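The values are calculated or read from the model by the stated rules, or taken from the named source; none is laboratory data. Small disclaimer: the values here were computed from a predicted structure and weren't measured. Neighbour counts are summed over all protein chains in view; Cβ atoms, including those assigned to glycine, are modelled from backbone coordinates with ideal geometry.
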Amino acid sequence: MSAELPDYYFRVRDNGAFVFRIDTENRQRRIEMDQIAVVNIRNGEIKPHGQRDLSDRDMAEITTWMEERSALLAQRDIDDIHRAVDYLNTTTHWAQSKAAPEQLEEVTDALLLAMHDLRTVLVRKKADRLLKGKG
C-alpha cells in the first residue's frame with residue numbers, strides 16, 4: 001500500500017456511492033473515514049450526510065468521481081456487448097458441432113425468442129438512425 005492515502009474514499013453501491021473524507025492527521029495516526037455524502041449517478045443527486053455542508057473542494061472531488069465513474073460504467077457496458085457477440089459466435093459453433101440433441105432441445109426456444117427480440121430491437125433502432133440521417 002502506498003504511503004500517501006487519497007483525501008476521499010468512494011464506497012461504490014448500486015447507482016452511486018457513499019463518500020468519505022479520509023483523515024490520518026490525528027494523534028493515533030489511525031485512518032479515520034468520515035462519511036460526508038451519498039451520491040446517485042443515475043439522477044446526479046449529491047446529498048450531504050447529516051447536517052454537513054460540503055465544501056467547494058468536496059463538491060469538485062465528488063463531481064469528478066461521478067464523471068469518471070459514469071465513463072467507466074459506459075465502457076463496461078460496451079465491453080459486455082462485445083463479449084455477447086463473442087458468446088453468440090461460440091454458441092453458434094457449439095450448436096453446430098458439439099451440442100447433443102437433448103441439449104439443443106433444452107435451449108433452442110429460449111435462444112430463438114431472445115435472438116428474435118434482439119433482432120427486432122436492432123432493426124427498429126437501425127431504421128430510426130437511417131431515417132434521422134436522411135431527414
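Which one of these does Tyr9 not meet: (1) assigned to a helix (DSSP H, G or I); (2) touching a strand residue (DSSP E or B) at 6+ places or on another chain (Cβ under 6 Å)?
Unmet for Tyr9, out of (1) assigned to a helix (DSSP H, G or I); (2) touching a strand residue (DSSP E or B) at 6+ places or on another chain (Cβ under 6 Å): (1).
Residues are listed down the side, and each one gets a yes or a no for (1) over 30 Å from Tyr9 (Cα atoms); (2) touching a residue at least 40 places away in the same chain (Cβ under 8 Å):
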| residue | (1), (2) |
| --- | --- |
| His49 | no, no |
| Glu61 | no, yes |
| Glu68 | no, no |
| Leu73 | no, no |
| Ile78 | no, no |
| Asn89 | yes, no |
| Gln96 | yes, no |
| Leu104 | yes, no |
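Give the range 16-30 a look and list any residue that's exposed (fewer than 12 other Cβ atoms within 10 Å of the Cβ) and either under 15 Å from Ile62 (Cβ atoms) or in contact with a Ser or Thr (Cβ under 9 Å, 6 or more places away or on another chain) (or both), or say none.
Within the range 16-30, Arg30 is the sole residue that qualifies.
I'd like to verify a number: residues in the range 16-58 that are under 23 Å from Glu4 (Cβ atoms), at pLDDT below 95 and either of a type in the set (Asp, Glu) or in a loop (DSSP other than H, G, I, E, B) (or both), how many?
So the answer is 11.
Do we have any residue at all in the range 104-114 that's loosely packed, with under 10 Cβ neighbours inside 10 Å, part of a helix (DSSP H, G or I) and outside the structural domain of Tyr8 (by TED's automatic domain parsing)?
yes
From the list Glu67, Glu61, which one is in contact with a strand residue (DSSP E or B) (Cβ under 7 Å, 6 or more places away or on another chain), surrounded by 11 or more Cβ atoms within 10 Å (Cβ to Cβ), part of a helix (DSSP H, G or I) and assigned by TED's automatic domain parsing to the domain that holds Phe10?
Glu61
Mind checking which pairs have a first residue in the range 112-134 that is under 16 Å from Val85 (Cα atoms) and a second that is assigned to a helix (DSSP H, G or I) and modelled with pLDDT of 95 or more, Cβ under 9 Å, 6 or more apart or different chains?
Close Cβ pairs satisfying both conditions: Met115/Leu88.
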